[in-house]
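Working notes, structure below.
The values are calculated or read from the model by the stated rules, or taken from the named source; none is laboratory data. Nothing here was measured: the structure is a model prediction, and the numbers come from that model. Cβ atoms come from the backbone with ideal geometry, glycine included; neighbour counts cover every protein chain shown.
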Amino acid sequence: MNIFRRLFNVSKAEAHSAIDKMEDPIKMTEQGIRDMKNDLTQALEGLAQVKAMLIRSQNDKTQFETKAKDYQNKAMLILQKAQKGDLSAENGDRLAKEALIKKEENTEHVNRCSIEIDKFSKSVSQLETNVNSLKNNISKWENELKTLKARVKVSTATKNLNKQMAAIDSSSTVNMLEKMKEKVTQEEALAEAYGDIANDSKSIDEELDKALDGKSTNADNDLEALKKQMGL
């Protein structure tokens, strides 16, 4: 039982350690945005390449269509010349047949280009959708990052303030005030005691001064002399 509890504690400690070592969510978001921008760059390059192939296929199709029409016209002209007697019927049929073969070859190229154009058009459409989606996601996450940074600043400031407030213990503050009151009371009592001592010392000095006062002694002597003179 102790072994299982120990293994559980080890696993729990490792889990806490893994959480503590997790990267800063801001850095993770920034890295995610950088990754999406790299994906966007690659998608744009792929889109440009597919568009180039689409344009090339479109141009090739136009050229093959033109050639097919040209060979069609040549076959017709040759047959017309053979009909007029400018060419022999046999030679005219041979040349017209060769022209039609060339026309067929170019028509096949036209059909091939049409298939490629359809395929490339779909690829371009898909890539444009992906590019727009990446752009929207990048814009969204950049705004989220700004909000996250602002929230981190606010939460950090709030945490620090709450931490400082939590460090102020109300009971310890009251105890400190009570101790201060007690100390002030003691100081006041001590000051009063010193005052009493000072007053006592002053009274003794006054009595001594009075006992030693020369004027008081002469007055007593004069009083005795006057009493004798008066026969009292």
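Below, the figures for the structure above:
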| quantity | calculated |
| --- | --- |
| Top-ranked residue in the stretch 88-119 [being out of contact with any Phe, Trp or Tyr (no Cβ under 9 Å at 6 or more places or on another chain), closer than 12 Å to ILE78 by Cβ and hydrophobic (A, V, I, L, M, F, W, C); ranked as surrounded by the fewest Cβ atoms within 10 Å (Cβ to Cβ)] | ALA89 |
| Which listed residue is over 30 Å from THR29 (Cα atoms) and either in contact with a strand residue (DSSP E or B) (Cβ under 9 Å, 6 or more places away or on another chain) or not hydroxyl-bearing (Ser, Thr, Tyr) (or both), from GLU142, GLU108, GLU128 | GLU108 |
| Test set (1) at pLDDT 90 or above; (2) outside the structural domain of ASN130 (by TED's automatic domain parsing) - MET1 fails condition number | (1) |
| Filter result for the condition that a residue is at pLDDT below 80, part of a helix (DSSP H, G or I) and farther than 30 Å from GLU30 by Cβ, over GLU182, GLU178 | GLU178 |
